[in-house]
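Written below as structure tokens is the structure these notes are about.
The values are calculated or read from the model by the stated rules, or taken from the named source; none is laboratory data. Keep in mind it's a predicted model, so treat the numbers as computed, not measured. Cβ atoms come from the backbone with ideal geometry, glycine included; neighbour counts cover every protein chain shown.
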Amino acid sequence: MVQVDAGVRLHVMEAGDDGGTSVVLLHGFPEFWYSWRHQLTALASAGFHAMAPDLRGYNVSDKPRGVDAYRLDVLARDVARLLDVYGLERASVVGHDWGAIVAWAFAMAYPDRLDRLCILNVPHPLVSVRALRSWQQIRKSWYVLFFQVPWLPEALARSTSYAFVRAAMRQSFSVEDVDRYVEAIARPGALAAGVNYYRALVRHARANLRSVRRIDAPVLVIWGERDRYLGRELADPPRAWVPNVRIERLPNASHWVQQDESARVNELLIEFLAGT
């Protein structure tokens, strides 16, 4: 466990030699570090030092109360402080789903601490704003609106034995793996924390947009095109804001792209993070 804030410690899984180039892997909802199990092994074998934290609120990391504890600027700061703990001036950051939202924010807030950025199946913030003006995307993202309701999403999830987690993951994960995710999100306070990410995102939407900055670092976007939640047209970030970007589309992968095509994702990550 590493201390990143007053009363907030993050559990971190590591792989590889700590003398190697450092890579931080940020998971999404409703996941935890285990989402990167295939990538941790592959990156370590390729000579990287890979770190996959349980983000604040998830699994065995600390779970501060209140929506504002999960503001996007706070989550990005956690990544910066994680680097501080390890004595790192810079690192590459890889994010999927909510972890990718945090990765975009970190890249904008701490450009001098970023080597390379890799995003898996989450659009650039400006693309997200435009997408939510589309009824088609609103229908796909209905759960974001539902999560704004106080206490009801948490109560419903508990009363149905976290059926929504099982339904979301059943096509890309084994039964045993789904059970691990359910066990993690069912820990006291974990689901409320995960839902508070969405509440804070909406509550502080204006501030988040004001913080959007150009990213000059190399960026790789890996996009599973069978994503049920996000349209394939959302993969491309605005080039004026992300000029040094490469897009890799995986036609047969779902939202859970690093699970569906772990070997191809590993190959793309290693090539990109090595700068080749």
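Structure summary
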| quantity | calculated |
| --- | --- |
| Complete set of residues in the stretch 124-177 that are aromatic (Phe, Trp, Tyr), under 30 Å from Leu220 (Cβ atoms) and not in a helix (DSSP H, G or I) | Phe147, Phe173 |
| Qualifying residues in the stretch 20-59 (those that are touching a helix residue (DSSP H, G or I) at 6+ places or on another chain (Cβ under 8 Å) and β-branched (Val, Ile, Thr)) - the one farthest from Trp151 (Cα to Cα) | Thr21 |
| Flag if Arg170 is basic (Lys, Arg), closer than 24 Å to Tyr70 by Cβ and out of contact with any strand residue (DSSP E or B) (no Cβ under 8 Å at 6 or more places or on another chain) | no |
| Condition met for Asp97 (among the acidic types (Asp, Glu) and out of contact with any Asp or Glu (no Cβ under 8 Å at 6 or more places or on another chain)) | no |
| All positions within the stretch 60-73 that are of a type in the set (A, V, I, L, M, F, W, C) and part of a loop (DSSP other than H, G, I, E, B) | Val60 |
| Residues of the stretch 80-100 satisfying the condition of being in contact with a strand residue (DSSP E or B) (Cβ under 7 Å, 6 or more places away or on another chain), among the aliphatic types (A, V, I, L, M) and either closer than 20 Å to Pro123 by Cβ or in a helix (DSSP H, G or I) (or both) | Leu82, Leu83, Val85, Val93, Val94, Ala100 |
| The stretch 171-186 residues that are touching a residue at least 40 places away in the same chain (Cβ under 8 Å), paired with ones that are β-branched (Val, Ile, Thr) and in a loop (DSSP other than H, G, I, E, B) (beta carbon under 9 Å, 6 or more apart) | Ala184/Val60 |
| Filtered residues of the stretch 38-62 (kept if within 17 Å of the chain's Cα centre (by Cα) and among the charged types (D, E, K, R)) | Asp54, Arg56 |
| Some residue of the stretch 10-28 being touching a residue at least 60 places away in the same chain (Cβ under 8 Å), surrounded by 19 or more Cβ atoms within 10 Å (Cβ to Cβ), among the hydroxyl-bearing types (Ser, Thr, Tyr) and part of a loop (DSSP other than H, G, I, E, B) | yes |
| Options Ala52, Ala76; residue that is out of contact with any Gly (no Cβ under 8 Å at 6 or more places or on another chain), within 21 Å of Pro30 (Cβ to Cβ) and in a strand (DSSP E or B) | Ala52 |
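Yes or no, residue by residue, for (1) at pLDDT 90 or above; (2) among the acidic types (Asp, Glu); (3) closer than 17 Å to Leu273 by Cα; (4) within 18 Å of the chain's Cα centre (by Cα):
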position: Gly87; (1), (2), (3), (4): yes, no, no, no
position: Trp98; (1), (2), (3), (4): yes, no, no, yes
position: Ala103; (1), (2), (3), (4): yes, no, yes, yes
position: Leu126; (1), (2), (3), (4): yes, no, no, yes
position: Gln137; (1), (2), (3), (4): no, no, no, no
position: Pro150; (1), (2), (3), (4): yes, no, no, no
position: Leu156; (1), (2), (3), (4): yes, no, no, no
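Condition check ((1) at pLDDT below 95; (2) of a type in the set (Val, Ile, Thr); (3) over 18 Å from the mean Cα position of the chain (by Cα)) across all residues:
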| site | (1), (2), (3) |
| --- | --- |
| Ala167 | yes, no, yes |
| Ala186 | no, no, yes |
| Gly189 | no, no, yes |
| Gly194 | no, no, no |
| Val202 | yes, yes, no |
| Arg214 | no, no, yes |
| Gly224 | no, no, no |
| Pro238 | no, no, yes |
| Pro243 | no, no, yes |
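Results for (1) surrounded by fewer than 24 Cβ atoms within 10 Å (Cβ to Cβ); (2) in contact with a strand residue (DSSP E or B) (Cβ under 6 Å, 6 or more places away or on another chain); (3) touching a residue at least 40 places away in the same chain (Cβ under 8 Å); (4) over 25 Å from Leu230 (Cβ atoms), shown as yes or no for each residue.
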{"residue": "Ala50", "(1), (2), (3), (4)": "no, yes, no, yes"}
{"residue": "Tyr58", "(1), (2), (3), (4)": "no, no, yes, no"}
{"residue": "Val74", "(1), (2), (3), (4)": "yes, no, yes, no"}
{"residue": "Asp78", "(1), (2), (3), (4)": "yes, yes, yes, no"}
{"residue": "Ala105", "(1), (2), (3), (4)": "no, no, yes, no"}
{"residue": "Asp115", "(1), (2), (3), (4)": "yes, yes, yes, yes"}
{"residue": "Leu120", "(1), (2), (3), (4)": "no, yes, yes, no"}
